[in-house]
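The values are calculated or read from the model by the stated rules, or taken from the named source; none is laboratory data. Model, not experiment: these values are computed from the prediction. We place every Cβ from the backbone using ideal geometry, glycine too, and count neighbours over all the protein chains shown.
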Amino acid sequence: MNVGIVCYASVGGSGVIATELGKTLAERGHRVHILSHDPPFRLGGYQPGLAFHRVETPGYPLFREPQYVLSLTNKIVQVSRQERLDIVHAHYAIPHATAAYLARQILAGGCGYADVRVPRVVTTLHGTDITLLGSDRSYSETVAFCLEQSDGVTAVSESLKIDTRRELGVKCDIRVIPNFLDCNEYKRHDESALWQRLAPNGEKLLIHVSNFRPVKRVTAVIEVFARVRRERPAKLLMVGDGPDLAEATRLAQSLDISEDVQFLGEQDQIVPLLSVADVFLLPSAQESFGLAALEAMACQVVVVASRVGGLPEVIEHGVSGFLHDPEDLDSMARSALHVLGDEALRERMGEAGARTARKQFCDSKIVPVYEAYYAEILGK
């Protein structure tokens, strides 16, 4: 198949999954074209069968219209004509499903081109495109229409599927295809030298990885860690960057724990850091799936998280991690301390999380599901 993948280039889960899907499809013999405003975070170097197409947005200060949507639409049309795409896979409803719909209408119109193949459109919902933006009255009608006009719609969790139907009232079929990871890459390694540098006095290591947006509640991560730190020596690794970084830094200073909190910024290689961690903190307000939690589980890190969205579909409470009410920071701290104080428990729960990742969420299991779905859509 010849597949175009439209995604954001940022470190968020939608861009990561879209890029990894493209890379794996290319490995499996398909031709894949990734379209975005910049090379995605996980794209890496040259790979046979995989091409990147940059969306250039001209700067016309006079225009208030959404120029990126128009530029993206134009790029989808160009690539579809040149490469004869079978599928355009839009990751994130806003604005990618809209651009894909407009591109398909242009291609169907012909516009003087003979023998134009009009690709089928698949839209994958990742979370905040529905739970935050799609429910906004400024966008909801457009989002619902573009989903209904897509040839196929998938969601990364059953929770997100339910949220989409409730918020937008769409009647189209929504197929649940969960997020995935490369299980050959995401596994715990011996990183003794790194552990000694990060925990020189044998402290326990907690970690948080995100884009530091408000929904991730990074200040709650700091507050949970402060409770843990009062009870035992520990260090916290804060991996990522975003709008709430400064507030988290100030809070760590005001709680007098800044010497035990390391803000590491965005990191391309996350497995070494996960391999030295004991507990992953994820007190999010909402998670439609929780890819960062799955990556931690695959590396045998026990996740302490909010019981929201799709996280209960990934984490089994008391077996592979702990789930609590988002506001119950005391319980999160107690669960973290329970794990940190019992090495046998940490190993047992870490191994359970890794088994879950390998059994349910490896790319070798999920990418063929996407392939079968593409074939089903093309056969309609």
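Within the range 256-269, the set of residues being in contact with a Phe, Trp or Tyr (Cβ under 9 Å, 6 or more places away or on another chain) and at pLDDT 95 or above comprises Ile257, Asp260, Val261. The single condition among (1) within 16 Å of the chain's Cα centre (by Cα); (2) over 14 Å from Val224 (Cβ atoms); (3) modelled with pLDDT of 95 or more that Ser288 does not satisfy is (3).
Consider Arg84 carefully, then state whether it is surrounded by fewer than 17 Cβ atoms within 10 Å (Cβ to Cβ), modelled with pLDDT of 85 or more and assigned by TED's automatic domain parsing to the domain that holds Glu167. Criteria met by Arg84.
When the range 30-54 is filtered for residues that are closer than 19 Å to Pro119 by Cα and more than 18 Å from the chain's Cα centre (by Cα), the ones remaining, listed by number, are His30, Arg31, Val32, His33, Gly49, Leu50, Ala51, Phe52, His53. Considering Ala90, Ala108, the condition of being within 22 Å of Val156 (Cβ to Cβ) and either at pLDDT below 85 or out of contact with any Lys or Arg (no Cβ under 9 Å at 6 or more places or on another chain) (or both) is satisfied by Ala90 alone. Out of the residues in the range 1-54 meeting the condition of being surrounded by fewer than 19 Cβ atoms within 10 Å (Cβ to Cβ) and closer than 14 Å to His96 by Cβ, tell me which one is modelled with the lowest pLDDT. Filtering first and then ranking leaves Ser10.
Rundown of residues vs (1) over 27 Å from Ser364 (Cβ atoms); (2) polar (S, T, N, Q); (3) at pLDDT 95 or above; (4) under 16 Å from the mean Cα position of the chain (by Cα), yes/no style:
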| residue | (1), (2), (3), (4) |
| --- | --- |
| Thr123 | no, yes, yes, yes |
| Leu132 | yes, no, no, yes |
| Asp136 | yes, no, no, no |
| Tyr139 | yes, no, no, no |
| Val143 | yes, no, no, no |
| Leu147 | yes, no, no, no |
| Gly152 | no, no, yes, no |
| Ile162 | yes, no, no, no |
| Ile174 | no, no, yes, no |
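Of all residues in the range 185-204, those that are closer than 15 Å to Ile270 by Cβ, part of a loop (DSSP other than H, G, I, E, B) and not hydroxyl-bearing (Ser, Thr, Tyr) total 5. Among the residues of the range 210-265, those identified as within 20 Å of Gly15 (Cβ to Cβ) and part of a helix (DSSP H, G or I) are Pro214, Val215, Lys216, Val218, Leu245. Would you check if there is a residue in the range 216-228 being small (Gly, Ala, Ser), surrounded by 22 or more Cβ atoms within 10 Å (Cβ to Cβ) and closer than 18 Å to Ala298 by Cα? Checked the range 216-228: no residue is small (Gly, Ala, Ser), surrounded by 22 or more Cβ atoms within 10 Å (Cβ to Cβ) and closer than 18 Å to Ala298 by Cα. Of all residues in the range 6-35, those that are among the β-branched types (Val, Ile, Thr) and part of a helix (DSSP H, G or I) total 4.
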